[in-house]
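First up is the structure itself, then whatever we jot down about it.
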Amino acid sequence: MIKTELCELLGIEYPIFQGGMAWVANGELAAAVSEGGGLGIIAAGQAPPDWLQTEIQKLKRITQKPFGVNIMLLSPYVEEIMEIIIREKVPVITTGAGNPGKYVPRLKEVGTKMIPVVASVALARRLEKVGAAALIAEGMESGGHIGEICTLPLVPQVVDVVKIPVIAAGGIADGRGFLAALSLGAAGVQMGTRFMCASECTIPLAVKEAIIKAKDRDTVVTGQTTGHPVRCLGNRFTRELSRLEREGVEADELIKLGTGRLQMAMVEGNVTNGSVMAGQIAGAVRRVEPAAAILRDIVETAESEWKKLSAYFRGI
Ligand code: TUI
């Protein structure tokens, strides 16, 4: 048993979110995580609004439990997506890659809780002031679009300046990471990479196998010069991108080259030429298993690790 204020705030059993991963986190995965007691999140990514509508309906057919939608603020469809969120009375939205402050008043009217991802203390302060229900402090160990600070220094610095619950993300895939996050003052965690290997996750098996095969140093960050640094598994695509970046190729050209690559990996299963976004903890993900088993494992491991730690303080 583990309960934090986040469980009460959102009506969930475990304070564990499944990250809103574009082209990965659909209604099926999110429903499995929510049904397993965590918070499943459908990622709107840059998909057209009717895709999101369908996925929400799919999820609602599988589970009655609370769920979330992740809004990638660089999406051209943000306004239409907000309309769907409001119409469907989605319980929680998480946001990434920008500042969602201007949407808070509309969301509050329908009771949708806004939980933005922040990668800095300054944005955390700002978004608490405008009415965020909680914050996800995401370190640069994460997969996908990242900030500059690691989870270990970011989480306590965010916790120290806000009163709302903080969820730690980046570099967490098991009960030890979960317990460490709680020790830093977080009220919960968000995990992406481990849930990519959930049985209910519909990405091609080749991507799951690439994650399971990955070792500690197998992720790389590309796109530093474009202003949108992205972490993914190193492959032919990232080597080519890094070479062009070193040669000083313009950001516009690099962005063009990256377009469609996430879909190539996550839908077509092309792990050589696609962008296999995954976090540094990929090296610790060992198998494909149901989302509910992942959630149980995290909580059970955290509890046994907690007992081990408390023995240190009792001098045993
Ligand atoms: O958003 C993510 N992860 C993502 S989004 C994505 S799709 C994409 N693909 C290519 C280029 C860009 C995006 C893949 N992975 N995580 C949450 C996150 N948000 N990480 C960092 C941030 C962030 C960054 C800057 C949040 C706010 C911010 O600044 C806003 C401001 O105004 O200060």
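A few remarks follow.
- Remark: residue 192 matches the filter, which requires a residue to be closer than 28 Å to residue 34 by Cα and not aliphatic (A, V, I, L, M).
- Reported count of residues in the range 208-232, each being within 16 Å of the ligand (Cβ to nearest atom) and touching a helix residue (DSSP H, G or I) at 6+ places or on another chain (Cβ under 6 Å), is 6.
- Selection count, the range 186-211, where residues are assigned to a loop (DSSP other than H, G, I, E, B) and open to solvent by 40 Å² or more (accessible area, probe 1.4 Å): 3
- Listed by position, the helices (runs of 4 or more DSSP H) enclosed by the range 245-315 that each have at least 1 residues that are in contact (Cβ under 8 Å) with a residue 60 or more places away in the chain are 261-266, 291-313.
- Residue count for the range 212-244 under the criterion of being touching a Cys at 6+ places or on another chain (Cβ under 8 Å) and part of a helix (DSSP H, G or I): the result is 2.
- Candidates in the range 172-185 are the residues that are in contact (Cβ under 8 Å) with a residue 60 or more places away in the chain and either within 15 Å of residue 117 (Cα to Cα) or not small (Gly, Ala, Ser) (or both); of these, the one that is surrounded by the most Cβ atoms within 10 Å (Cβ to Cβ) is 172.
- Test: residue in the range 286-297 that is away from the ligand (no atom under 16 Å from the Cβ), among the basic types (Lys, Arg) and either outside the structural domain of residue 25 (by TED's automatic domain parsing) or in contact with a helix residue (DSSP H, G or I) (Cβ under 9 Å, 6 or more places away or on another chain) (or both): yes
- Some residue of the range 241-257 being open to solvent by less than 60 Å² (accessible area, probe 1.4 Å) and within 17 Å of the chain's Cα centre (by Cα): no
- Residue check for residue 129: in the same structural domain as residue 56 (by TED's automatic domain parsing) and closer than 24 Å to residue 12 by Cα: no
- Scanning the range 13-50 for residues that are away from the ligand (no atom under 12 Å from the Cβ) and open to solvent by 10 Å² or more (accessible area, probe 1.4 Å) yields a count of 10.
- If the condition is being open to solvent by 50 Å² or more (accessible area, probe 1.4 Å) and of a type in the set (Val, Ile, Thr), then the range 269-290 contributes 272, 288.
The values are calculated or read from the model by the stated rules, or taken from the named source; none is laboratory data. Quick caveat, the model's predicted, so the values are computed rather than measured. Methodologically, a virtual Cβ is constructed for each residue, glycine included, from the backbone with ideal geometry; neighbour enumeration extends over all protein chains shown. Surface accessibility is based on the protein's heavy atoms, side chains included, excluding ligands, DNA and RNA. Shrake-Rupley method; radii C 1.70, N 1.55, O 1.52, S 1.80 Å.
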